[in-house]
1. Suppose we look only past 14 Å in the calculated P(r) of segment B:124-183. What percent of the Cα-Cα pairs does that tail hold?
2. Per residue and in cubic angstrom, what volume does the convex hull of the Cα atoms of the protein assembly as shown have?
3. With unit charges on the beta carbon (Lys/Arg positive, Asp/Glu negative), name the residue among B:Ile148, B:Gly266, B:Ile279 whose Cα is farthest towards the positive pole of the charge dipole of chain B.
4. If you average 1/r over every pair of different alpha-carbon atoms in chain A and take one over that average, what Kirkwood value in Å do you get?
5. Let me know the shape class of segment B:38-94, please: from the alpha-carbon gyration tensor, a ≥ b ≥ c as square roots of the eigenvalues, rounded when a/c is under 1.5, otherwise prolate if a/b is greater than b/c, or oblate.
6. Not counting the cut sites, what is the longest span of chain B without trypsin sites (Lys or Arg not before Pro) that DSSP labels loop and that have at most 10 other Cβ atoms within 10 Å?
7. Please report, largest first and rounded to whole Å, the three semi-axes of the ellipsoid equivalent to chain B, where each semi-axis is the square root of five times an eigenvalue of the C-alpha gyration tensor.
8. If one puts a single equal scatterer on every Cα of segment B:3-193 and applies the Debye formula without solvent, what log₁₀ I(q)/I(0) results at q = 0.11, 0.14, 0.17 Å⁻¹?
Amino acid sequence: MLHIVACIKQVPDTKVIKLNPKTNTMDRTSAPAILNPYDAHAVEEAVRLKNKYGGIVSVLTMGPPPAVKAIRKCIEIGADEGYMISDRAFAGADTLATSYALTKALEKIQKDTPIDLIICGKMTIDGDTGQVGPGIARRLDMPPLTNVNKVVEVNKEEQFAIIHRKLEDGHEVIQTALPCLFSVEKEINEVPFSPLPHMIKAARYKPTIWAVSDLEDVDKTQLGLKGSPTIVSKVWPPEKPKGGEILDGSPQEKVEQILSMVLEKKELFQQHKEGV
Amino acid sequence: MDLSQYVGVWVFIEVNDGVIAPVSLELLGEGRKLADKRNVPLAGLMIGNQVTHLSQSLFHYGADSVYVYDDPIFKYYRTESYMKAVIACAEEHKPEIILYGATATGKDLASAVATDLETGLTADTTVLDVDAESGLLLASRPAFGGNIMATILCKKHRPQMATVRPKVMRACEPDTAKSGELIQKSIDVKEEDLRTKVLEIVRETKKVARIDEADIIVAGGKGLGSKDGFAMIHELAKVLGGAVGASRDAVEANWIDHHHQVGQTGVTVTPKIYFAIAISGAIQHLVGMQNSGLIIAINKDPDAAIFQSCHYGIVGDAFEIVPMLIEAFDKALHKEVQYG
């Protein structure tokens, strides 16, 4: 029986978030809080592996109390258990401090049921780093496997897994020892609509919530802002380009203008000629 | 931590199938500027199997010295083996800055190294600067889906590390007269201690031009309305011999595979010509293509943000203009072939 833990995060939907032009900060109230889209695929993959091999799926998040909603979303997808660490001491954590805090929670989860596999999304859409997953793997001394776009096999008996790892121009087929950590690409699966029983369970679900004091062997200097080697020194809106020239004329005339400016770059079309 | 012990700028040199990744040369170009401003040396850190001979080219591209781990154990990139080499080298020689390409390899490696060295790592940097006096690295990157730029500092830990997006920095002109110091390194990593094994590497056949290498990209967006509508993007790309790009919306609508996505959560591209067709120009798309040589936008909404970020714009219906472009280019390029 596999014990798979998916690490997830609630994020503002950066597609609709607005910038406060006076303070240059993100107006988080302008965007709905959602389950990080990559993490939905992480949970879905965990659920698929559970259905294939048998086991349980736990999800873990760090965040303020409203992040319970993101855990409920994971229960809808098919997770069995939800854990959340929530404490002011975690606030302002960068990727290093985040992986430390999540690791402390994973160690506690691990005490009851040893973990075979941890799955994270490729990255979050608010932080855009992808650094937390490998950080957790290093701290738990598991092999990190990033950019996973296919899980071929998980063999608990013989303690190995085979996966595809996406590269810029193809993929690697990797065999890894268990336990290990995957961070997964979106293309790994499609998240279907949740079945009704999951929705009902999710609506009533209350995750286990831990504060710092509930975790063991915590070095508080490694938490939150204090434990973060990086700081954001300033933010500014991206430079506004001055804008291009809008072409005049009839559609035919516009097309001709484009044609001549593109064909002017003759060197781009050399191969066409040579190819014949 | 005594920060003054840490001196020099390093670039992790990524080698794939015996070829130096272009981003590594770009980072030597950028690293050279940082090192000169600080008046410190620039070094490459190269790991692989039978890679030592590539050092010459690193000197030509600006490195003062190159640390090389050349061993069959490093034939394939693996986090655990490469990480050990980077950590050992950094602990011994104490660089103030290490830069990595923000590639699958570079991001994976840097994340693991940063955790073990307990230092700061800035992801997907697009602007770098250094304070000449303090040596503080100013690593700036788009955040919140490209809605803002943020400058990240790592004040109390060394080395300061960043992954840097490919195609953003510029390699310098290679100077073949330039040489440097080659420093052979070795580390005891045994196969039986490694928990992962690369069974196979599958390079996808290049039936279509790779978007991150293409000179011409034709990209389509939400305004095309459907997968059928998107088909003419493929057609125009084919006529021009270019690659197909897409906005996030088009990818999320499943009109095209996300390998083609240009932007913050996709690929950064710098083709010579970029067609943005029926793409509104959300900031998250713009950060991925704004350094293209010639940007031509077609959109029926005259207020679309894309017109602020293009060189030439056509306000018009893509369904009218694009078929005309396909026909015109087909005629023009076909004719040239006949006479050529």
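Throughout, read-outs are computed from the coordinates displayed, never taken from laboratory work. Small disclaimer: the values here were computed from a predicted structure and weren't measured. A quick note on method: Cβ atoms are made from the backbone with ideal geometry, for glycine too, and the neighbour counts reach across all protein chains shown.
1. 67
2. Value for the protein assembly as shown: 165 Å³ per residue.
3. B:Ile279
4. Over chain A, the inverse of the mean reciprocal pair distance is 21.2 Å.
5. oblate
6. B:1-189
7. They are 40, 22, 19 Å, listed largest first.
8. -0.43, -0.71, -1.08
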